[in-house]
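K.L.:
Take this structure, written in structure tokens, and hold onto it; I'll ask about it next.
The values are calculated or read from the model by the stated rules, or taken from the named source; none is laboratory data. Since the structure is predicted, the reported quantities are computational estimates derived from the model, not experimental observations. Neighbour counts are summed over all protein chains in view; Cβ atoms, including those assigned to glycine, are modelled from backbone coordinates with ideal geometry. Heads up: the accessible areas ignore ligands, DNA and RNA and are worked out on the full protein's heavy atoms, side chains in. Shrake-Rupley method; radii C 1.70, N 1.55, O 1.52, S 1.80 Å.
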Amino acid sequence: MRRTLVAVLSIVTAGSLVLIGVPAGTARPMGGRGCTGAWTVAPQPAPAGSGGLNAAAATSSSDAWAVGSLFVQSDQTGNTVIEHHDGTSWSVVASADGPNAVQSSLDGVAARTASDAWAVGTFIRPNNLIRTLIERWDGSAWHRVKSPNAGTPAGGSLSGVAAVAADDAWAVGSFGQGAPSRTLIEHWDGTSWSVVASPNKGPFPNSLSSVAAIGPDDVWAVGAWFTKAFVDRTLVLHWDGTAWHRVVSPNAGQAENDLTSVAAVATDDVWAVGFHGAHTLTLHWDGTAWSFVSSPTPGGSADLAAVAAVATDDVWAVGGRVDQQANALRTLVEHWNGTAWVVVASANKGPSDNHLWGVASAPGRLSAVGDRFTGGGTGPLVPLTLERC
């Protein structure tokens, strides 16, 4: 899914999330050198190309993952990138590209334990056929796992992933090259991935950006569908243990409404974020219905790309906002304190565009990942990481 903010270059979003539940009142110790109670820039390893990080996941303050893609100018290829944080610093870990791919990208990641994590995305073959890409971490290395495709010709892209157990994981996205896209949902049963039937709204494009699993019979997926006038509207699907069903979701105004990420505290406490027009969008599920919840749009133009839920009164959303004075995108972090969404100060690096696409929470540390332009806006795009302890 792509998002353009007023007067600023478009950047590819990667609606993805991971949540690690932390009981209310749990102490949050300091994690890693230099990490403070404020959102600050964390050092990044030197990138091997131009690109950024699209999603983050964490199991502890010393075990976090970030995934994305880098374009290598010398051979004109796009490659997956995976980084790991060990509690002290970020480092690049070897990752696979799609077979015979000219471009590969990872857009979602979920970490269940220190030895079990999933990453999903897309790769493109020389004939421009778009195919699904799934990789798994076994505690020692990342390996590509065979993933199905859908449609004719068979293809697809995956944007989000969530893991319930070693034999129960979900990945979501879309398929339909040369035709209106359809929702794509795949399930891991411990042996293989398979396509599971998923609903769509109307005959025009439908896509899913993110998935959150509360339990084996309680999974949410969010995205957008297009009207006949090609206006985006929110799309929410729910798995009840037997089938996926569309659940009615509100929209704000007549402008485009897109959901980019979903996170759950409990079965009756689920958050979805995104944007409507040039404004942030936050929806909440209370166990009965989805409702619109007001959220700030600093500067009059902003979007939310990812959300992580820690507790009923502790939910974080990240994205970007337009700084009209600087004529650049700046990072945006918002926090739900149990009563309202409020903007929390967040750092940027350099005077050019900075944007956050993913956020992850673990006891002791919050991590947000994204990208930024270098060289005063004329240099390449490079990964960006923020942290708060």
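K.L.:
Please compute, for the alpha-carbon atoms of segment 139-180, the extent along each of the three principal axes and give them in descending order in Å.
P.N.:
On the principal axes, segment 139-180 reaches 39, 20, 15 Å in Cα extent.
K.L.:
Related question: Just to check, using Stokes-Einstein with a Kirkwood Rh over alpha carbon pairs, what's the diffusion coefficient of segment 316-384 at 25 °C and 0.890 mPa s in µm²/s?
P.N.:
192 µm²/s
K.L.:
If you build a Gaussian network model of the chain, linking Cα atoms that sit under 10 Å apart, which residue out of GLN73, GLN325, GLN44 swings the most?
P.N.:
Per the Cα network of the chain with a 10 Å cutoff, GLN325 tops the list.
K.L.:
Could you give each residue of segment 198-213 its phi-based ³J(HN,Hα) in whole Hz, using Karplus coefficients 6.51, -1.76, 1.60 with θ = phi - 60°, and x for Gly or Pro?
P.N.:
In residue order, the calculated couplings are 9, x, 10, 10, x, x, 8, x, 10, 8, 10, 10, 7, 9, 9, 10 Hz.
K.L.:
Can I ask one more? Can you pull a Stokes-Einstein diffusion coefficient for segment 223-265 at 25 °C (0.890 mPa s), Rh from Kirkwood over Cα pairs, as a whole number of µm²/s?
P.N.:
For the chosen part, D equals 213 µm²/s.
K.L.:
Let me ask something else. How much accessible area per residue does the chain have, counting only protein heavy atoms and a probe of 1.4 Å, in square angstrom?
P.N.:
It amounts to 37 Å² per residue over the chain.
K.L.:
If I model a spin label at LYS146 and SER89 as a point 7 Å from the Cα along the Cα→Cβ vector, what separation in nanometres do I get?
P.N.:
Taking the simple label geometry, LYS146 and SER89 are separated by 4.0 nm.
K.L.:
I would also like to ask the following. Can you tell me the mean projection area, over all orientations, of the convex hull of segment 24-168's alpha carbons? Units nm², please.
P.N.:
Computed as one quarter of the Cα hull surface, the answer is 10.3 nm².
K.L.:
Counting only other residues whose beta carbon sits under 14 Å from that of ASP116, what net charge do I get with K and R as +1, D and E as -1?
P.N.:
Combined, the nearby Lys, Arg, Asp and Glu give -3.
K.L.:
Something else: Most mobile of ALA305, ALA154, ALA119 per a Gaussian network model of the chain (Cα springs, under 10 Å)?
P.N.:
Maximum fluctuation in the GNM of the chain, among the listed residues, is at ALA154.
K.L.:
For the chain, with equal point scatterers placed on the C-alpha atoms only and solvent neglected, what are the log10 I(q)/I(0) values from the Debye formula at q = 0.07, 0.12, 0.14 1/Å, to two decimals?
P.N.:
Per q value, in the given order, log10 I(q)/I(0) is -0.26, -0.83, -1.19.
K.L.:
While we're on this one: What is the calculated FRET efficiency for ARG125 to ASP75, with r their C-beta to C-beta distance and R₀ = 25 Å, to the nearest 0.05?
P.N.:
Efficiency for this residue pair is about 0.95.
K.L.:
May I ask you to give the percent of accessible area on segment 306-386 that is carbon plus sulfur, with a probe radius of 1.4 Å?
P.N.:
52 percent
K.L.:
Roughly speaking, what is the stretch gain from GLN254 to VAL195, that is 0.36 nm per residue apart minus the C-alpha to C-alpha distance, in nm to one decimal?
P.N.:
Extra length available between GLN254 and VAL195 comes to 17.9 nm.
K.L.:
Additional query: Please compute the length gained on full extension between ARG136 and VAL102, using 0.36 nm multiplied by the number of residues separating them and subtracting their Cα-Cα distance.
P.N.:
Computed gain between ARG136 and VAL102 is 10.1 nm.
K.L.:
Using the alpha-carbon centroid of each, what span in Å lies between segment 103-171 and segment 316-347?
P.N.:
Going from one Cα centre to the other spans 30 Å.
K.L.:
Still on this model: Semi-axes, largest first, in whole Å: what does sqrt of 5 times each Cα gyration tensor eigenvalue give for segment 125-230?
P.N.:
The equivalent ellipsoid of segment 125-230 has semi-axes of 24, 18, 10 Å.
K.L.:
What are the principal axis extents of the Cα atoms in segment 88-154, in Å, biggest first?
P.N.:
Taking max minus min along each principal axis of the Cα atoms, segment 88-154 gives 44, 20, 16 Å.
K.L.:
Under 10 Å, Cα contacts only: if you run a Gaussian network model on the chain, which one of ALA326, ALA55, ALA302 comes out with the highest mean-square fluctuation?
P.N.:
Result for the chain, Cα springs under 10 Å: ALA326 fluctuates most.
K.L.:
Excluding the sites themselves, what is the longest stretch of the chain that contains no trypsin sites (Lys or Arg not before Pro) in a DSSP loop with at most 13 other C-beta atoms within 10 Å?
P.N.:
Of all site-free stretches, the longest is 229-389.
K.L.:
How many Å³ per residue does the convex hull of the Cα positions in segment 237-319 occupy?
P.N.:
Value for segment 237-319: 93 Å³ per residue.
K.L.:
What number do you get for segment 186-269 when its Cα radius of gyration is normalised by 2.2 N^0.38 Å, N = residues?
P.N.:
1.15
K.L.:
Which value, in debye to the nearest 20, describes the size of the charge dipole of segment 129-245 about its Cα centre when Lys and Arg Cβ atoms bear +1, Asp and Glu Cβ atoms bear -1, and nothing else is charged?
P.N.:
About 620 debye.
K.L.:
Moving on. Given Cβ point charges of +1 (Lys, Arg) and -1 (Asp, Glu) and nothing else, what value in debye, to the nearest 20, does the dipole of the chain about its Cα centre take?
P.N.:
Magnitude of the dipole: close to 820 debye.
K.L.:
Follow-up. What does the extension gain come out to for ALA243 and SER115, with contour length at 0.36 nm per residue minus their alpha carbon separation?
P.N.:
Contour length minus Cα-Cα distance gives 43.1 nm.
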